[in-house]
Amino acid sequence: MLQHRSETAKRYPGHWGIFGGGIEVGEEPEMAMRREILEELEYIPKNPTLILSQSFENKYKEGRATKYVFIDRYDESQVLKQHEGQGLAWFSLEKIRELPVIDHDMEVYETAAGYLQQ
């Protein structure tokens, strides 16, 4: 599932990307992921698994940043309530390749697709 970033977003406006955000002082990556997903979707992950840690050049801040990517089986009993962006949708890897996405996120999508095929 990807978020369609709003056209007025400070970073990557109009692009499709994963939900998430920054790690606050004192937070571990999983704690930050749980907080961000709750804030953005009112969703509570059940059994998230870290599948990728990715270092990338952060073009909005000086230097490199690290992205921690978790995957979890979607719990259909929870209703998603999107609070950021202009939309959300589920996509196959083939369809993602046709979308305007953040360049360094393609590794994330390919890793997730490989993980799901296991």
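The values are calculated or read from the model by the stated rules, or taken from the named source; none is laboratory data. This structure is a prediction, so every number in the text was calculated from the model and none was measured. Counting neighbours? That spans all protein chains shown, and the Cβs are built from the backbone with ideal geometry, glycine included. Each accessible area value is taken on the protein alone, full model and side chains, heavy atoms only, with ligands, DNA and RNA left out. Shrake-Rupley method; radii C 1.70, N 1.55, O 1.52, S 1.80 Å.
Summary of computed values
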quantity	calculated
From the coordinates shown, Rg and Dmax of the Cα atoms in Å corresponds to which of (1) 13.9, 41; (2) 16.0, 69; (3) 15.5, 45	(1)
Local net charge near Arg11, Cβ-Cβ under 15 Å (Lys/Arg +1, Asp/Glu -1)	-3
Among Gln78, Gln54, Gln86, residue whose mean-square fluctuation peaks in a GNM of the chain (springs only between Cα atoms under 10 Å)	Gln78
Efficiency of FRET between Leu99 and Leu38 - r from beta-carbon atoms, R0 22 angstrom, step 0.05	0.30
Two-site label geometry, Arg64 and Leu52: point separation in nm, points 7 Å out along Cα→Cβ	1.6 nm
Spin-label model distance (nm) - Leu116 vs Glu76, 7 Å beyond Cα toward Cβ	1.5 nm
Computed [θ] at 222 nm, helices only, for the chain once each DSSP H run of length n ≥ 4 contributes -39500 (n - 2.57)	-7000 deg cm²/dmol
Dipole magnitude of the range 35-118 about its Cα centre (Cβ charges: Lys, Arg +1; Asp, Glu -1), debye to nearest 20	140 debye
Integer Hz, Karplus 6.51/-1.76/1.60 couplings in order for the range 103-118, x for Gly and Pro	3, 6, 7, 4, 4, 4, 5, 5, 5, 4, 4, x, 4, 5, 7, 5
Where Met1, Met31 fall by accessible area, highest first, once all protein chains stay in place (1.4 Å)	Met31, Met1
Residue-count net charge about Phe70 - beta-carbon cut-off 11 Å; Lys, Arg +1, Asp, Glu -1	-1
Separation of alpha-carbon centers, the range 1-45 and the range 49-107, rounded to whole Å	8 Å
Accessible solvent surface per residue of the chain, calculated while the other protein chains remain in place, 1.4 angstrom probe, Å²	65 Å²
Highest average packing first - 104-115, 3-14, Cβ atoms within 10 Å	104-115, 3-14
Listed residues Glu30, Glu36 arranged by accessible area, highest first, probe 1.4 Å	Glu30, Glu36
Portion, in percent, of the accessible area of the chain that falls on carbon or sulfur, probe 1.4 Å	50 percent
Per-residue ³J(HN,Hα) for the range 46-57, Karplus 6.51 cos²θ - 1.76 cosθ + 1.60, θ = phi - 60°, Hz, x for Gly and Pro	8, 9, x, 10, 6, 10, 6, 10, 10, 8, 8, 6
For the range 86-95, Karplus couplings with θ = phi - 60° (6.51, -1.76, 1.60), whole Hz, Gly/Pro x	10, x, 8, 6, 9, 9, 7, 4, 4, 5
